[in-house]
1. Could you please give the count of residues in region 12-45 that are in contact (Cβ under 8 Å) with a residue 40 or more places away in the chain, assigned to a helix (DSSP H, G or I) and surrounded by fewer than 15 Cβ atoms within 10 Å (Cβ to Cβ)?
2. Which one of these is of a type outside the set (Phe, Trp, Tyr) and surrounded by 15 or more Cβ atoms within 10 Å (Cβ to Cβ): 79, 62?
3. Restricting to region 46-59, count the residues that are surrounded by 15 or more Cβ atoms within 10 Å (Cβ to Cβ) and among the polar types (S, T, N, Q).
4. Filter region 1-11 down to the residues that are of a type in the set (S, T, N, Q) and surrounded by fewer than 16 Cβ atoms within 10 Å (Cβ to Cβ) and list them by number.
Amino acid sequence: MTIYTLKTCDSCRKATKWLRENKFIFNEIAIREQPPSLNELKSALTDLDGEIRKLFNTSGQDYSALNLKDKLPTLSEKDALALLTSNGNLIKRPFLTSKETTLVGFKESLWSDAFL
């Protein structure tokens with residue numbers, strides 16, 4: 001299990017706390033320094049029923065600065081994934097991958113359903 005986080009992200013801290021409390025062993029990676037791989041993002045996209053927008057941190061400054069609200073609907077999947085792999089700030093976090101699933105964002109009930 002790997003979780004991509006940002007130190008200043010409250011949801012990331014809640015997610016890692018939940019993982020520890022539930023005795024999960026995980027590898028934590030700083031999402032800005034090392035964004036998820038293309039394969040991890042493709043797996044997440046499958047788990048999100050192909051909804052590419054759900055992978056994006058739509059409230060982030062980089063999302064706004066790149067005007068992705070308007071551009072994203074016209075981007076190909078390939079181009080959208082290329083943006084994500086090149087800029088960890090664009091990815092909704094926390095971003096967790098495991099053998100079972102990929103989860104984006106932290107909602108305790110969803111994580112409990114997925115793993116408990």
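Where a number appears in this text, it was derived from the coordinates with a stated rule and is not lab data. On a predicted model such as this, the values are computed, not experimentally measured, just so you know. Methodologically, a virtual Cβ is constructed for each residue, glycine included, from the backbone with ideal geometry; neighbour enumeration extends over all protein chains shown.
1. The number of residues fulfilling the criteria is 1.
2. 62
3. Residues in region 46-59 being surrounded by 15 or more Cβ atoms within 10 Å (Cβ to Cβ) and among the polar types (S, T, N, Q): 1 in total.
4. Residues of region 1-11 of a type in the set (S, T, N, Q): 2, 5, 8, 11.
Correct list: 2, 8, 11.
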